[in-house]
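Structure first, then comments.
The values are calculated or read from the model by the stated rules, or taken from the named source; none is laboratory data. Note that this is a predicted model, so its numbers are computed, not measured. When we count neighbours, we look across all protein chains shown, and the Cβ atoms used for this are built from the backbone with ideal geometry, even at glycine.
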Amino acid sequence: MSKMTKKSISNSVIKRLPRYYRFIGELVKQGTVRISSGELAEKMSLTASQIRQDLNCFGGFGQQGYGYNLIELQTEIGKILGVKQGYKTVLIGAGNLGRAIATHMDFSEYGCNLIGIFDSDEKKSGSKVAGLGIMPVSEMESFFAAEQPQIAILCIPKTAAQELADKLVSLGIKAFWNFSHYDIKITHKDVVVENVHLGDSIMMLSYALTNSDNEKQ
């Protein structure tokens, strides 16, 4: 089947791709060589038709009567997701959250290469996180001119985000992993933004428990 145009692929399909990549990667590590859409669907709590439809958006990867070769499928999904691109990435905000992300994320597995960490508190300058020295934000312009990063991770307060986002876009940032709760798309519609709201996630747990209790009453 021919590949669909990028604009015709729904966001819901695209958002499932990392989950496919993760599940398939775990199966490969376990030594599984091939799998049918039905078997994969059972492991991922999806339907076989959903998996076939999703993967057919990017080309036919399976063989009738054989299923999917998992190493080949992982490689192809990895190419779609760009996991080998190594996009130059900077992190702004070396507080508790920023330090945790820098320390515990293996960026190289996800298509990124963390090359710089910045913080507005110059007392932190020189301290190392994940092997990188924290730099003051006053050095961003010279650093960006030399290194030309494309992705910025924002771990800063919402009140500081608008001005900083404007600055980062002017310095060439094309994509944000945004923990600031500020809507960058308000003023920069052409950049790619993935907003992360940790509070939303835990409220979904609260909702599930609350409504589960209500159903029992």
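Since Thr75 meets every condition but one in (1) within 24 Å of Asn11 (Cβ to Cβ); (2) hydroxyl-bearing (Ser, Thr, Tyr); (3) in a loop (DSSP other than H, G, I, E, B), which condition does it not meet?
Of (1) within 24 Å of Asn11 (Cβ to Cβ); (2) hydroxyl-bearing (Ser, Thr, Tyr); (3) in a loop (DSSP other than H, G, I, E, B), only one is false for Thr75: (3).
Among Leu154, Leu132, Leu171, which is the only one that is touching a residue at least 60 places away in the same chain (Cβ under 8 Å) and either surrounded by 15 or more Cβ atoms within 10 Å (Cβ to Cβ) or in contact with a Ser or Thr (Cβ under 8 Å, 6 or more places away or on another chain) (or both)? Walk me through it before giving the result.
Values: Leu132 fails: touching a residue at least 60 places away in the same chain (Cβ under 8 Å); Leu171 fails: touching a residue at least 60 places away in the same chain (Cβ under 8 Å).
Exactly one residue qualifies, and that residue is Leu154.
For residues that are out of contact with any helix residue (DSSP H, G or I) (no Cβ under 6 Å at 6 or more places or on another chain) and either within 22 Å of Gly82 (Cα to Cα) or of a type in the set (Gly, Ala, Ser) (or both), tally how many sit in segment 160-171. Write out each step before concluding.
Step one: filter segment 160-171 for residues out of contact with any helix residue (DSSP H, G or I) (no Cβ under 6 Å at 6 or more places or on another chain), giving 160-164, 166-170.
When the remaining residues are screened for being either within 22 Å of Gly82 (Cα to Cα) or of a type in the set (Gly, Ala, Ser) (or both), the result is 160-161, 169-170.
Result for segment 160-171: 4.
In contact (Cβ under 8 Å) with a residue 40 or more places away in the chain and either of a type outside the set (A, V, I, L, M, F, W, C) or touching a Lys or Arg at 6+ places or on another chain (Cβ under 7 Å) (or both): does that describe Leu81? So that I can check it myself, show each step before the final result.
Working: in contact (Cβ under 8 Å) with a residue 40 or more places away in the chain: yes; either of a type outside the set (A, V, I, L, M, F, W, C) or touching a Lys or Arg at 6+ places or on another chain (Cβ under 7 Å) (or both): no.
When the stated conditions are applied, Leu81 does not pass them.
If I filter segment 53-83 down to residues being more than 30 Å from Asn113 (Cβ to Cβ) and buried (at least 17 other Cβ atoms within 10 Å of the Cβ), which single residue comes out as modelled with the highest pLDDT? Quick ask: steps written out before the conclusion?
Step one: of segment 53-83, the residues more than 30 Å from Asn113 (Cβ to Cβ) are 53, 56, 60, 62-67.
This time we only want the ones that are buried (at least 17 other Cβ atoms within 10 Å of the Cβ), so: 62, 67.
Values: Gly62: 69, Gly67: 86.
By that ranking, first place goes to Gly67.
Residue check: is Ala161 under 21 Å from Ala94 (Cα atoms) and either surrounded by 14 or more Cβ atoms within 10 Å (Cβ to Cβ) or not assigned by TED's automatic domain parsing to the domain that holds Asn113 (or both)?
Numbers: under 21 Å from Ala94 (Cα atoms): yes; either surrounded by 14 or more Cβ atoms within 10 Å (Cβ to Cβ) or not assigned by TED's automatic domain parsing to the domain that holds Asn113 (or both): yes.
Yes; evaluated as a whole, the condition is true for this residue.
Within segment 39-59, count every residue that is in a helix (DSSP H, G or I) and more than 17 Å from Asn11 (Cα to Cα). Spell out the reasoning first.
Residues of segment 39-59 that are in a helix (DSSP H, G or I), as a first pass: 39-44, 48-56.
Narrowing further to those that are more than 17 Å from Asn11 (Cα to Cα): 39-44, 48-49.
Number of matching residues: 8.
Kindly provide the set of residues from segment 21-59 that are on the phi > 0 side of the Ramachandran plot and out of contact with any helix residue (DSSP H, G or I) (no Cβ under 9 Å at 6 or more places or on another chain), ordered by number.
Of all residues in segment 21-59, those on the phi > 0 side of the Ramachandran plot come to 31, 45, 59.
Gly31, Ser45, listed by residue number.
Within the set of pairs 6+ apart or on separate chains, which have a first residue in segment 36-58 that is of a type outside the set (A, V, I, L, M, F, W, C), a second that is outside any helix (DSSP H, G or I), and C-beta atoms under 8 Å apart?
These pairs meet every condition: Ser36/Gly67; Ser36/Tyr68; Ser37/Gly62; Ser37/Gly67; Ser37/Tyr68; Glu39/Gly67; Arg52/Gly62; Asn56/Met1.
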